[in-house]
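*Asks:* Next up is a structure, given as structure tokens.
The values are calculated or read from the model by the stated rules, or taken from the named source; none is laboratory data. Computed from a predicted model, the values in this text were never measured in an experiment. So basically every Cβ, Gly included, is an ideal-geometry build from the backbone, and we count neighbours across all protein chains shown. Quick note on the areas: whole protein, heavy atoms, side chains included, nothing else; ligands and nucleic acids left out. Shrake-Rupley method; radii C 1.70, N 1.55, O 1.52, S 1.80 Å.
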Number of protein chains: 2
Amino acid sequence: MITRKGQATRDRIVVAAAGLMYQQGVAGTSAEDLQAAAGVSASQIYHYFGDKHALTCAVIKHWSDTIVGFHEPLLARLDDIDALRSWADVIVETARANDFRGGCPLGSLANELADCDEVARDDVVVGYRRWRGAIRDGLFAMKIRGALIEGADVDRLALALLTALQGGLLVSKALRDAEPLSTGLHTTIDHIASFATPDTA
Amino acid sequence: MITRKGQATRDRIVVAAAGLMYQQGVAGTSAEDLQAAAGVSASQIYHYFGDKHALTCAVIKHWSDTIVGFHEPLLARLDDIDALRSWADVIVETARANDFRGGCPLGSLANELADCDEVARDDVVVGYRRWRGAIRDGLFAMKIRGALIEGADVDRLALALLTALQGGLLVSKALRDAEPLSTGLHTTIDHIASFATPDTA
């Protein structure tokens, strides 16, 4: 059993590691950086995580929870194509507020770890599945509300939105410009609009 | 003036560095790795590049040339939506041949360097511009050939394809599966097909 105080220390380490790994990459995050950022000792980090690998997996889960927690309430309210465009605009404005730096935390971890750490890759896959699921549930809710026609393949459209979002965040990070992210998302939504029911399009 | 032999040595260093940085990242590529892979001495690397930063920029240019050199001949032949789908399938099959590992060399460099190296970021931006330009030229050729209607915004559609491609390569790398890349590209092409002239759709 972990005590309440122990849980708070563990959480503080994960949040500090998540910030550092997002800014500097996993390889670029040292034990010393983390001790300073979290205000903990090396032995505390060892006590809760054993090694960097276990900590990295906790960080992937942290970012997956954060991302799904951000998107789910926005996506649950979708009732027409305009609402979907508003969701895209929230994503663009959130990225703009950070001057398009950083890109996607999950995407950056995926890029760094997918080919060299199978356990971390499994955790990234879980994160992407949950994110795709949240988008699909939003599109499915639109269908239930009569905004999308019966033939709309919400699984496929959700994956297309996720890939546009991942590519858009990456290219916008490189160009430090909204256009790739906005164009990627809104072009996919233009396509989704072709499945809108006539009275809601 | 660099001699022909000097140019060959320089090229060998760039190709070896490009392979290592693609597999291990820039931070994960040591001088020792590079000396072993290229069969050169530390002083030869210093002679041609001075520091790792100059070499990294040469690697970004190498990958931009390689990518544009791969896509341009494929895109120059586009004459209808089916040809565009064949281009997408070549991309998917090329990624599959590598078991979806690695993702996009330019995207991986963008992810690692965009926030910490302004000169490298500029070179990545040039690479993305050339790539987007090659896709736009392909779509523009389709328009000239009468396969796309006058109202098709080929600049915007090219950027949407580039973001779908970048996101698709990243998510397919994470999932080690063709579906994200294939779905991202073909969904964008489904949208482009809505601009096809009636007799070519």
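*Asks:* If only one of B:Lys61, B:Lys5 is farther than 29 Å from A:Ala110 by Cα and open to solvent by 20 Å² or more (accessible area, probe 1.4 Å), which one is it?
*Replies:* Numbers: B:Lys61 fails: farther than 29 Å from A:Ala110 by Cα.
Residue meeting the stated conditions: B:Lys5.
*Asks:* To continue, here is another question. Do any residues in segment A:20-42 that are outside the structural domain of A:Ala114 (by TED's automatic domain parsing) and aliphatic (A, V, I, L, M) have Cβ atoms under 7 Å from those of residues that are buried (at least 20 other Cβ atoms within 10 Å of the Cβ) and not in a helix (DSSP H, G or I), where the two are at least six apart or on different chains, and which pairs are they?
*Replies:* Close Cβ pairs (under 7 Å, with a partner that is buried (at least 20 other Cβ atoms within 10 Å of the Cβ) and not in a helix (DSSP H, G or I)) amount to A:Leu20/A:Thr29; A:Met21/A:Thr29; A:Ala27/B:Gly25.
*Asks:* With the checklist (1) within 14 Å of another protein chain (Cβ to nearest Cβ); (2) out of contact with any His (no Cβ under 7 Å at 6 or more places or on another chain); (3) open to solvent by less than 10 Å² (accessible area, probe 1.4 Å); (4) in contact (Cβ under 8 Å) with a residue 60 or more places away in the chain in hand, flag the one item A:Leu84 doesn't pass.
*Replies:* Checking A:Leu84 against (1) within 14 Å of another protein chain (Cβ to nearest Cβ); (2) out of contact with any His (no Cβ under 7 Å at 6 or more places or on another chain); (3) open to solvent by less than 10 Å² (accessible area, probe 1.4 Å); (4) in contact (Cβ under 8 Å) with a residue 60 or more places away in the chain, the one that fails is (1).
*Asks:* Counting only residues that are within 14 Å of chain A (Cβ to nearest Cβ), farther than 26 Å from A:Gln24 by Cα and modelled with pLDDT under 95, how many does segment B:27-78 have?
*Replies:* 0
*Asks:* Could you list, in sequence order, the residues of segment A:107-123 that are more than 15 Å from B:Ser108 (Cβ to Cβ) and either outside any helix (DSSP H, G or I) or open to solvent by less than 10 Å² (accessible area, probe 1.4 Å) (or both)?
*Replies:* Result: A:Asp117, A:Ala120.
*Asks:* Within segment B:192-201, can you find the residues that are at the interface with chain A (Cβ under 10 Å from one of its Cβ atoms) and open to solvent by 20 Å² or more (accessible area, probe 1.4 Å)?
*Replies:* Going through segment B:192-201, the residues at the interface with chain A (Cβ under 10 Å from one of its Cβ atoms) turn out to be B:192-194.
Selection gives B:Ala193, B:Ser194.
*Asks:* Moving on to the next point. Could you check segment A:166-201 and list, in sequence order, the residues that are among the β-branched types (Val, Ile, Thr) and closer than 22 Å to B:Ala152 by Cβ?
*Replies:* Here is the first cut: in segment A:166-201, the ones among the β-branched types (Val, Ile, Thr) are A:171, A:183, A:187-189, A:192, A:197, A:200.
Once the filter is applied, which keeps residues that are among the β-branched types (Val, Ile, Thr) and closer than 22 Å to B:Ala152 by Cβ, segment A:166-201 yields A:Val171, A:Thr183, A:Thr187, A:Thr188, A:Ile189, A:Ile192.
*Asks:* Could we say that A:Asp115 is out of contact with any His (no Cβ under 8 Å at 6 or more places or on another chain) and at the interface with chain B (Cβ under 9 Å from one of its Cβ atoms) here? Walk me through it before giving the result.
*Replies:* Working: out of contact with any His (no Cβ under 8 Å at 6 or more places or on another chain): yes; at the interface with chain B (Cβ under 9 Å from one of its Cβ atoms): yes.
Answer is yes for this residue.
*Asks:* Sticking with this structure for a sec: Taking A:Ala95, is it in contact with a His (Cβ under 7 Å, 6 or more places away or on another chain) and surrounded by 13 or more Cβ atoms within 10 Å (Cβ to Cβ)?
*Replies:* Details: in contact with a His (Cβ under 7 Å, 6 or more places away or on another chain): no; surrounded by 13 or more Cβ atoms within 10 Å (Cβ to Cβ): yes.
No: the conditions fail for A:Ala95.
*Asks:* Mind listing whichever residues of segment B:145-169 are open to solvent by 20 Å² or more (accessible area, probe 1.4 Å) and within 7 Å of chain A (Cβ to nearest Cβ)? Spell out the reasoning first.
*Replies:* The initial filter retains those residues of segment B:145-169 that are open to solvent by 20 Å² or more (accessible area, probe 1.4 Å), namely B:145-146, B:149-151, B:153, B:155-156, B:169.
Scanning segment B:145-169 gives a single hit, B:Arg156.
*Asks:* Counting only residues that are of a type in the set (Val, Ile, Thr) and closer than 14 Å to B:Cys57 by Cα, which one in segment B:8-28 is most open to solvent (accessible area, probe 1.4 Å)?
*Replies:* The initial filter retains those residues of segment B:8-28 that are of a type in the set (Val, Ile, Thr), namely B:9, B:13-15, B:26.
Keeping just the survivors that are closer than 14 Å to B:Cys57 by Cα gives B:13-15, B:26.
Details: B:Ile13: 0, B:Val14: 12, B:Val15: 85, B:Val26: 13 Å².
Across segment B:8-28, the extreme among qualifying residues is B:Val15.
*Asks:* Can you tell me how many residues within segment B:170-191 are under 22 Å from B:Ala141 (Cα atoms) and either facing another protein chain (nearest Cβ under 9 Å) or not in a helix (DSSP H, G or I) (or both)?
*Replies:* Residues meeting the conditions: 6.
*Asks:* Among A:Val59, A:Val92, A:Val15, A:Val68, which is the only one that is in contact (Cβ under 8 Å) with a residue 24 or more places away in the chain, assigned to a helix (DSSP H, G or I), touching a Leu at 6+ places or on another chain (Cβ under 6 Å) and not polar (S, T, N, Q)? So that I can check it myself, show each step before the final result.
*Replies:* Details: A:Val59 fails: touching a Leu at 6+ places or on another chain (Cβ under 6 Å); A:Val15 fails: touching a Leu at 6+ places or on another chain (Cβ under 6 Å); A:Val68 fails: touching a Leu at 6+ places or on another chain (Cβ under 6 Å).
Residue meeting the stated conditions: A:Val92.
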